[in-house]
Amino acid sequence: MGSLELKYEAIKVDNLELKTKIELLDAALVEVKNQAPSSTAPKSDFTLKLEGKSAEIDELKTKRNSIVEFEFKTVTNGTDHGNITSTSDFAPIRPGVTDQVKERVLVQNLFPRVKIAQDTYRYTEQTAVRRDAKNVAYNEASAHTAGEETTETLRVVTKTLVIVKDLVDISTTFLKDFGFMQQRTNRLINESIAYKVEGDIINGDDDTASSNEMNSIHNVSSDFDAANVAAPVDSVADANLIDLILSMDMQIDVLGDENNYDADTSLIHRSDWFKSAAMLKDTTGRYLDERIQRNGRNSLIDGKIRVLTSNKVTVGNVYVFDSSKGEVIDRDAISIEIAYENGTKWEQEIATMKGYVRMQFVVEDNNANAFMRCTDIPAAITAIGTVPAP
C-alpha cells in the first residue's frame with residue numbers, strides 16, 4: 001500500500017471519530033433543548049454551558065477544525081460568596097490555618113536551665129560571715145577579739161518544684177479524619193503552658209512549699225530607692241527612663257560589689273519603652289539618646305543592657321537584672337500525653353490530651369541584689385532628678 005493510500009485511510013479514521021463525537025454532542029443538545037424546564041430544580045452549570053455552546057456544536061458538523069471551549073469559574077450564590085460547602089463553588093482552600101496573634105516567649109529563655117531528677121532542688125548558702133584578720137608582729141599569734149573570731153554560718157535551702165498543666169479534650173473521629181489536628185493540638189498545649197510559665201517567671205507569687213505559684217523576677221527583686229545611702233541618685237539633669245535604668249544598674253553594681261554582679265537585661269512593657277525612651281527627642285526634634293543602640297526591634301543601652309519588652313509586665317514597672325544569677329530548675333520539660341480511655345469519654349470517642357512541666361525559677365537569696373525593680377517609673381524619674389537642698 002502506497003503512502004497516498006495510507007494517508008487516505010488515516011483521514012477516513014479521523015473523520016469517523018469526529019463524526020461519532022459530533023453525533024454524541026448533537027444528541028445531547030437535542031435532549032437538553034427538549035427537556036421541560038423545572039421550576040424547582042435549577043439547571044446544572046454543565047447544562048447551561050452546553051446550551052450556550054449550541055452554535056459552536058452545530059458548526060462542528062461542517063468544519064473539522066472547530067473548537068468548543070468550556071470554562072468554569074468560581075460561582076457565587078446570592079450573598080454567599082465563596083461558600084466552600086456549595087457544590088457550585090470550585091475555589092480551593094489554601095493549605096494551613098491562620099492563627100490569631102501570639103506573644104513571644106523570651107524571658108524564660110534568658111536563664112540557664114538546670115536539669116534535676118527529683119521534685120526538690122537543694123543548695124547550700126552562707127547566711128552569716130565574720131572576718132577578724134589582725135595586723136601582728138613577726139612570730140606573734142593573731143589576737144582575736146573575744147566573740148568576734150572569723151566564722152561563717154551555712155544553711156541548706158530547699159526549693160520545691162511547681163507543676164504547670166493543661167488538658168484538652170478532642171474527638172478521636174476528628175483526629176482520624178484530619179491528620180493535622182493532633183499536631184495542632186500538641187502545639188496549642190505547648191503554647192498554653194509556655195505562656196503560663198512566661199507570665200509566672202515575671203510575676204509569680206512565691207516558691208514556698210505551701211504554694212503552687214512559681215517564684216519570679218518581681219518577687220526576688222529589691223526595690224529601687226534613689227535615696228539609698230549606699231548609692232544615692234538624686235541630681236540627674238533632665239532625667240529620663242534611660243537615666244533611671246542606668247541608675248538601677250549602678251545600684252546593682254554597688255550592692256553586689258563582692259559578688260561581681262553585671263546587669264545585662266532590662267524588662268519593661270512595650271508602651272512604657274515607646275513613650276519614655278524610644279520617642280525621646282531634644283529641643284530641635286532629634287531623637288535621643290545616643291546611649292541607645294538599635295537593631296530592628298532590639299535595643300541595647302550603654303553597650304551592655306539589652307531591652308526586652310513584654311505585655312506581661314505591669315505598665316509602670318521596669319526591671320533591671322543580671323540574668324546569669326537566676327536559674328530555671330527543670331525536672332520535666334513540656335511533656336504531651338494522650339489518653340483514649342478516660343472515664344466515660346471512651347464511649348463518646350473523646351481523647352484527652354495533657355501537657356505539663358515540673359519546674360521552678362530560682363534566685364539564691366545571696367544573689368537577690370542582682371535583681372532590681374521599679375514599680376512607678378514617673379515617680380522614680382522625678383526622684384533621681386531632684387537636686388538636694390543645700
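Each reported figure results from applying straightforward, stated rules to the coordinates on display, with no laboratory input. As the structure is a prediction and not an experimental result, all values here were calculated from the model. Positions of Cβ are generated from backbone atoms using ideal geometry, with glycine treated the same way; all protein chains shown enter the neighbour counts.
Per-residue Karplus couplings for the stretch 137-147, computed as 6.51 cos²θ - 1.76 cosθ + 1.60 with θ equal to phi - 60°, are listed in order as 7, 4, 6, 10, 6, 6, 9, 7, 6, 4, x Hz, Gly and Pro entered as x. All distinct Cα pairs of the stretch 244-323 go into the 1/r average, and the inverse of that average, the Kirkwood radius, is 13.4 Å.
Highest-first packing order for the peptide set 310-316, 128-134 is 310-316, 128-134, based on the mean count of other beta carbon atoms within 10 Å. Residues whose amide H falls under 5 Å from that of D262, counting only those 5 or more places apart or on a different chain, are absent, with hydrogens built in the peptide plane. Say the dipole of the stretch 92-147 comes from +1 at the beta carbon of Lys and Arg and -1 at that of Asp and Glu; which of T98, A128, I116 then lies farthest toward its positive end? With unit charges placed on the Cβ atoms, the residue in question is T98.
Can you give the translational diffusion coefficient of the stretch 92-155 in µm²/s, computed by Stokes-Einstein from the Kirkwood radius over Cα pairs at 37 °C and 0.692 mPa s?
This corresponds to a translational diffusion coefficient of 171 µm²/s.
Couplings 3J(HN,Hα) of the stretch 330-344, computed from phi: 10, 8, 10, 5, 4, 10, 10, 10, 10, 10, 9, 10, 9, x, 7 Hz, in residue order, whole Hz [Karplus 6.51 cos²θ - 1.76 cosθ + 1.60, θ = phi - 60°; x for Gly and Pro].
Taking a threshold of 23 Å on the Cα-Cα distance, which of the pairs K196/K345; K115/K159; K115/K312; K196/K354; K165/K325; K176/K354 fall above it?
Details: K196/K345 27 Å; K115/K159 14 Å; K115/K312 26 Å; K196/K354 15 Å; K165/K325 27 Å; K176/K354 19 Å.
Over 23 Å apart, Cα to Cα: K196/K345; K115/K312; K165/K325.
Summarising the amide proton neighbourhood of I116: residues at separation of 5 or more, or on other chains, whose placed amide H is nearer than 5 Å comprise D330, R331. Our coupling estimate for the stretch 103-119, obtained by passing each phi through the Karplus curve with A = 6.51, B = -1.76, C = 1.60 and θ = phi - 60°, is 6, 8, 10, 10, 5, 5, 8, 6, 9, x, 9, 10, 7, 10, 10, 10, 8 Hz, Gly and Pro reported as x.
Tell me the volume per residue, in Å³, of the convex hull enclosing the alpha carbons of the stretch 199-332.
Values: hull volume 19.1 nm³, N = 134.
Convex hull of Cα atoms, per residue: 143 Å³.
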